[in-house]
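Trainee: Right, I'll just put the structure down here and ask away after.
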Amino acid sequence: MDKLLITGGGPLRGEIRISGSKNSALPILAATLLAETPISLSNLPHLNDITTMLSLLRCMGVNVTVDERMRVEIDASTIRCYEAPYELVKTMRASILVLGPLLSRFGEADVSFPGGCAIGSRPVDIHLRGLEAMGAHIEVDGGYIRARAPDGGLRGARFLMDKVTVGGTENLLMAAVLANGHSVLENAAREPEIVDLANCLVSMGAKIKGIGTDRLEVEGVSSLKGCEYSVMPDRIEAGTYLCAAAATRGSIKLKDTHADSMESVLIKLQEAGAELEVGENWIRLDMHGQRPQGVSLRTAPHPAFPTDMQSQFMAMNAVASGASKVTETIFENRLIQVHELNRMGANIALEGNTALITGVERLKAAPVMASDLRASASLVIAGLVADGETLIDRIYHIDRGYECIEEKLQLLGADIRRVAG
Ligand code: EPZ
């Protein structure tokens, strides 16, 4: 199993391009099932999760062609089965996102029940209750969600989500666009990736109002057509590199990224002492060689501070000056990286869902193990600011969400390489 070997060093300096958003590309790939004619997607990141989703579409009989620049053309008219098998779903929970489109377009879906993962139990009860509100009949049998639409197809419905759920909003939005009649999704998630999905659905002919708000109104249409669509830049990848630059007291510029999707993260970086400059599709961060200030934060649904940036900021806080508090409110087990960071000399105490951090000047290299995608990113940041060689194991977690991470960090001057395990 590959590992990443990082030798801690000086500040990150340079310029890199940000890839397309994993968490926008995944629901948009699922939405291609809704189109009666081929759909062309560009700016897809080259990631294992994207490959898995393409494999899932192919195994249903969907025609998928990919060119050398990761431009993808998808034609769902060749679909021959409506099943998302356990072998694929167990490797990527986001496979659940085909449930809404399959049910809405074809009236049936058998999707392996997605299990939990390192960060939490990750239930899908709200997804299922929303589909039942649209008239679906749903059984869980043999580890599979077996869903069937009523005769005549799903019916538009008003549905209040009792928790803000990104995936639940995405699944129910994709179900509503082809349902009969009017739907209202209350307490909808407002993440930029949902806006991107909604904009793509509108390009396909969907009728959606309230995009970007917590109340989505949908007028069901009889069919949707293919379109050409470019996926938004990955705001979490961008935030991760900005955090790494802040932790290493560096100065970097990110291209092909949109600052407006990550305001809460940029505010926290400024609080940490970063000087930020933003343009139409770029962000520059400069620490002027200064050690970051510790910043306290509390994760919450967009537009508040994103849970996907929590562990990266914890790594920065670990070497910042002063004390800070990081509170995780979205997932029940997303502070797990604290233990590996403490093995590297960090000074972090846990109190329930809050980490109390006292910054230290430098960390000490150690062999560590990644546990989930964003915890892995925090270990990479820690390795960049540790004295010595940090060896990170189980980096398949990283390859799910960060395209060419070692090449991009090498471009920024980091001493990092992938070694065979
Ligand atoms: C999406 O996961 C993202 N994944 C996650 O990013 C992200 O952390 C999360 O949203 C929150 O922003 C993708 O977009 C592929 P949720 P999702 O449904 O949709 C509870 C990464 O690192 N809940 O918004 O699974 C759930 O347990 C990944 O890129 C229910 O109780 O997250 C959690 O506590 C990790 N019932 C909370 O809601 C449900 O039916 C938020 O989960 C659904 C969710």
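The values are calculated or read from the model by the stated rules, or taken from the named source; none is laboratory data. Everything numeric here is computed off the predicted structure, so don't read it as measured data. Quick reminder, even Gly has a Cβ in these numbers, built from the backbone with ideal geometry, and neighbours come from all protein chains shown. Ligands, DNA and RNA are stripped out before the accessible areas are found, and what is left, the full protein with its side chains, is counted by its heavy atoms. Shrake-Rupley method; radii C 1.70, N 1.55, O 1.52, S 1.80 Å.
Trainee: Being buried (at least 21 other Cβ atoms within 10 Å of the Cβ) and touching a strand residue (DSSP E or B) at 6+ places or on another chain (Cβ under 9 Å): is that true of residue 84 here?
Mentor: For residue 84, the condition - buried (at least 21 other Cβ atoms within 10 Å of the Cβ) and touching a strand residue (DSSP E or B) at 6+ places or on another chain (Cβ under 9 Å) - is met.
Trainee: Now for a different question. Of everything in region 168-191, what is touching a Leu at 6+ places or on another chain (Cβ under 8 Å), open to solvent by 20 Å² or more (accessible area, probe 1.4 Å) and within 16 Å of the ligand (Cβ to nearest atom)? Give them in sequence order.
Mentor: The answer is 186, 187.
Trainee: Hey, among 32, 51, which residue is under 21 Å from the mean Cα position of the chain (by Cα), crowded, with 18+ Cβ neighbours inside 10 Å and away from the ligand (no atom under 14 Å from the Cβ)?
Mentor: Exactly one of 32, 51 is under 21 Å from the mean Cα position of the chain (by Cα), crowded, with 18+ Cβ neighbours inside 10 Å and away from the ligand (no atom under 14 Å from the Cβ), namely 32.
Trainee: Applying the selection to region 134-151, what residues are in contact with a helix residue (DSSP H, G or I) (Cβ under 9 Å, 6 or more places away or on another chain) and more than 16 Å from the ligand (Cβ to nearest atom)?
Mentor: Residues satisfying the conditions are 143, 144, 148, 149.
Trainee: Select, from 352, 359, the only residue that is at pLDDT 95 or above and touching a strand residue (DSSP E or B) at 6+ places or on another chain (Cβ under 8 Å).
Mentor: 359
Trainee: For region 152-165, state whether one or more residues are touching a residue at least 24 places away in the same chain (Cβ under 8 Å), outside any loop (DSSP other than H, G, I, E, B) and within 16 Å of the ligand (Cβ to nearest atom).
Mentor: yes
Trainee: Which residue is modelled with the highest pLDDT, if the candidates are limited to region 399-415 and must be over 17 Å from residue 242 (Cα atoms) and either touching a Ser or Thr at 6+ places or on another chain (Cβ under 7 Å) or outside any loop (DSSP other than H, G, I, E, B) (or both)?
Mentor: The extreme case among them is 415.
Trainee: Name the helices (runs of 4 or more DSSP H) wholly inside region 192-294 in which the number of residues that are farther than 19 Å from residue 101 by Cα and of a type in the set (Gly, Ala, Ser) is 1 or more.
Mentor: Qualifying helices (runs of 4 or more DSSP H): 235-247, 263-271.
Trainee: Keeping to region 322-341, report how many residues are buried (at least 16 other Cβ atoms within 10 Å of the Cβ) and of a type outside the set (Val, Ile, Thr).
Mentor: 8
Trainee: Does residue 131 satisfy the condition of being surrounded by 19 or more Cβ atoms within 10 Å (Cβ to Cβ), assigned to a helix (DSSP H, G or I), within 16 Å of the ligand (Cβ to nearest atom) and modelled with pLDDT of 95 or more?
Mentor: Yes.
Trainee: Taking region 145-168 on its own, how many of its residues are within 27 Å of the chain's Cα centre (by Cα) and either small (Gly, Ala, Ser) or modelled with pLDDT under 95 (or both)?
Mentor: Matching residues across region 145-168 total 3.
Trainee: Something else about it: Quick check on region 381-391. Is at least one of its residues polar (S, T, N, Q), away from the ligand (no atom under 15 Å from the Cβ) and within 20 Å of residue 241 (Cβ to Cβ)?
Mentor: Checked region 381-391: at least one residue is polar (S, T, N, Q), away from the ligand (no atom under 15 Å from the Cβ) and within 20 Å of residue 241 (Cβ to Cβ).
Trainee: Residue by residue through region 342-353, note down the ones that are farther than 20 Å from residue 121 by Cα, touching a residue at least 24 places away in the same chain (Cβ under 8 Å) and open to solvent by 40 Å² or more (accessible area, probe 1.4 Å).
Mentor: 343, 347
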